[in-house]
Structures are given as C-alpha cells and as structure tokens.
Amino acid sequence: MQSQNRNNINAVITAVGMYTPEKILDNKYFESIVETNDEWIVTRTGIKERRMMENGATSDMAAKACEDLFKTTNVKPEEIDVIIVATVTPDMFFPATACLVQEKIGAKNAWGFDLSAACSGFLFALQTGASLIQGGTYKKVLVVGSDKMSAITDYTDRNTCILFGDAASAVLLEPSTDSNYGIKDSMLFVDGSGKEALNMKAGGSALPASEDTVKQKLHYIFQDGKAVFKVAVKGMADVSYEIMQRNGLKSEDISYLVPHQANLRIIAATAERMGVSQDKVMINIDRYGNTTAATIPLCLTEYYRSGKVKKGDNLILAAFGAGYTWGALYLTWGID
Ligand code: COA
C-alpha cells in the first residue's frame, strides 16, 4: 500500500535539525556509580557514551532542534502549520510539549500534539505528519523526536541506566508533486501484550504518584531486557524485510537502513535479515546511547550533514519500543 498518491501529493523531508546536550556520561562514569564495566557495556550494547540535559526539559531540547533546523531553511516559524512531538518524557502531562515548543520557537500559526509511542515515536509521528501533508490541508509540518531519558532513569539500576541518553531532533515535512521523493510506504504496529516488559509503572491514572510509589522507585524506566531483546530482534528484522518485499526493493536498492539505536546487536540482526551490509547502516549509538524518540532523526541529520546521504537515496527507517510498538518506513531522500 503506497498511500501518498491518493491526492498526488508526496510528503518530503525538506530540512533537518538536532540538539544534543553538552554533558557527556561515558562508560567510565558508570563504572564509578554501579557494578559495571566498559567492556560489558560496549560488547552487550555498542554504547560508549551518552548525553545528559542538566538544565532544561524535553521542550527546551525540542525547541533547540527546531531552531537548528530553521537555520538551514527559508521557512519561518510562523509558516509552520502543525508541530508533532514524539516523546515519553513530556515536560508535564499537560499541556502537551508541542504547545511549549510552539511558544518557544514562535510558531504562532501552528497547532500540534504529543505522540506517545516510545522508541517508535518518531516513526509513528513521521507517518502521521506525512498523512496530514498528503491529505492536502497542511503544507508545513514539524516532526520532532525529543526525550530527556535522564529524567526517568534510575542511576542505581545497572540494567537500564547505562542504556539511555538525552537528545532531540526534528524534520520538516512539505508537499511535493514529484513522486520520486518523500515518504513512500510504512508498516506500523502496536501490541499491548508487551506492557509488562517495558514500562514506567507510576504517575499515571492507574497508579498515581504517592509517597509509596516514590519509595518503590516506580517513577523510573522498568525493562526486562532479555524479554524485550528477543521480540525487538524479530520485530524490527521482520518488518524491515517485509517493507522491502512489498515495495519490490532488493538490498542493493537500499542506500541506508536507519534503525532505532537501542542495541548494536539488534541493529546488526536487522541489517543481516535485509541483506544490507554494515556500511549501509546508520549508527551513532556509540556516542548517544538510546535517546528514544530522537535516535532516528538524529541519525538522519548527522549522516545528511556529513554528506553521506544524497538526494535520491532510498532509506528504510525501522524501530521497536515499549508498548510494544514497532514498524518500518520507506522514503526517498529529497534534500540536495
Ligand atoms: N553491567 C554488567 N552486567 C550487567 C549490566 C551492566 N550494566 N546490566 C546487566 N548485567 C548483568 C545482568 O545482571 C545479568 O547477570 P546475571 O546473569 O548474573 O543475572 C547479565 O549481565 C546478563 O544480563 P542480560 O539481561 O541477559 O544481558 P543482555 O545480553 O540481554 O543485555 C540489554 C542486556 C538490556 C543490553 C539487552 O537485553 C537489550 O538491549 N534489550 C533490549 C533493549 C531494547 O531494545 N529496548 C527496546 C527499545 S527501548
């Protein structure tokens, strides 16, 4: 199913931007706070360092990523129609982080909303933004992935604290009648049976914040790593392979796999299933760890800016995350 042609409008990424906080937490730092070591972290995950936002929240990082994007385009903040912020670490339950970003960047004619799909958040938001463009009503949609994972990380839990980092990244979607470029297909899924394996238990309506929830450390990320690993490998590899199949793509047609950066071993398994060599896989997990909704646009921004992604390149974006949520999206890069 290629949804973009209903109105002959294609949704194309026309600008990118990113923000990563200055403070670096390397593996040595974690050796000093929990029972772990650099060798374990690198071989089991591929992570060497990650960033931490010291002053500010998710909306501050998101706004900085958008401001970085605006430096590279003639589009002005007041021209933005919609802001979608993918995040699991909103500044507050409400108002939505998208509202806070709207004010910070001066997008005075925009509406917007937050999208909660954990590590698949950016993919889900990108498809949502593309659909708004393809519908013909909206011309400029900002899709932002921003997560301050340090806000919900228990730095005494070695199972999770080494994995996550803070970052934000944004893309601008605009319409084009040139069907050679833009978002061409996506396959997205949710399966709530994954809720026990990866979650943050308290603070919502099921278990509101109380002295007890704080004492029991229920406001932090919980992950059964082994359980998630198994389904993530299969989920991400299968959906990436299937989207190739249904679009008639061979491995040589793919310029890059752009995977969510949770674990280098999950990424390698996905690339192998697709028959894509490691040099065609975008990787920055070593420098940023798992930044949840920000990983994929961060990869896109860095690889584009270093000249590695060119107009006409076919990309497969793939993610797996809490929910479970997972999916893949096929696009052709449209920026010179
Ligand atoms: N340093 C040293 N040892 C650690 C450790 C750390 N930071 N964290 C866990 N260990 C230990 C465990 O306690 C366990 O010890 P035990 O056998 O004595 O119980 C051992 O290492 C192996 O743990 P295990 O969980 O089997 O490791 P793993 O190879 O599965 O790797 C993850 C752990 C979290 C890296 C991996 O499971 C993973 O990446 N999971 C999926 C993450 C993901 O994709 N999430 C979805 C998106 S967020």
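The values are calculated or read from the model by the stated rules, or taken from the named source; none is laboratory data. Predicted model, so just to flag it, every value in this text is computed and none were measured. Cβ sites come from the backbone with ideal geometry, for glycine too, and all protein chains shown count toward neighbours. Quick note on the areas: whole protein, heavy atoms, side chains included, nothing else; ligands and nucleic acids left out. Shrake-Rupley method; radii C 1.70, N 1.55, O 1.52, S 1.80 Å.
Of note:
- Amide N proximity, region 218-240 versus E196 label position 7 Å along Cα-to-Cβ, cut-off under 17 Å: 222-232
- Helical runs (DSSP H, four residues minimum) scored at -39500 (n - 2.57) apiece and divided by the length of the chain put the mean residue ellipticity at 222 nm at -9500 deg cm²/dmol.
- Lysine pairs within region 35-106, Cα separation less than 24 Å, 8 or more sequence positions apart or different chains: 4
- The charge dipole of the chain, taken about its Cα centre with unit charges on the Cβ of Lys, Arg, Asp and Glu (plus for the first two, minus for the last two), comes to roughly 440 debye.
- Mean separation of Cα contacts under 8 Å (6+ apart) over length of region 221-336, as relative contact order %: 32 percent
- Given R0 = 41 Å, the distance between the Cβ atoms of W40 and F94 translates into a calculated FRET efficiency of 0.55.
- Beta bridges from DSSP with both residues in the chain: antiparallel share about 70 percent, rounded to the nearest 5.
- Cross-link partners of K184 among aspartates and glutamates (Cα-Cα below 17 Å; sequence separation of 8 or more within a chain): E174, E242, D253, D313
- Reducing region 71-91 and region 258-292 to their Cα centroids gives an inter-centroid distance of 26 Å.
- Of the residues V258, V88, G17, the one whose Cα sits farthest toward the positive end of the charge dipole of the chain, with +1 on the Cβ of Lys and Arg and -1 on the Cβ of Asp and Glu, is V258.
- Under the convention that each Lys and Arg Cβ holds +1 and each Asp and Glu Cβ holds -1, the size of the dipole of region 6-100 around its Cα centre is about 300 debye.
- For the chain, the solvent-accessible area of protein heavy atoms averages 42 Å² per residue (probe radius 1.4 Å; ligands and nucleic acids excluded).
- Distance cut-off 20 Å, percentage of C-alpha pairs in region 183-332 lying past it: 51 percent
- The stretch between A209 and N74, if pulled fully straight at 0.36 nm per residue, gains 44.1 nm over its current Cα-Cα span.
- Listed residue pairs exceeding 28 Å between alpha carbons, taken from K234/K280; K108/K148; K148/K250; K201/K280: K148/K250; K201/K280
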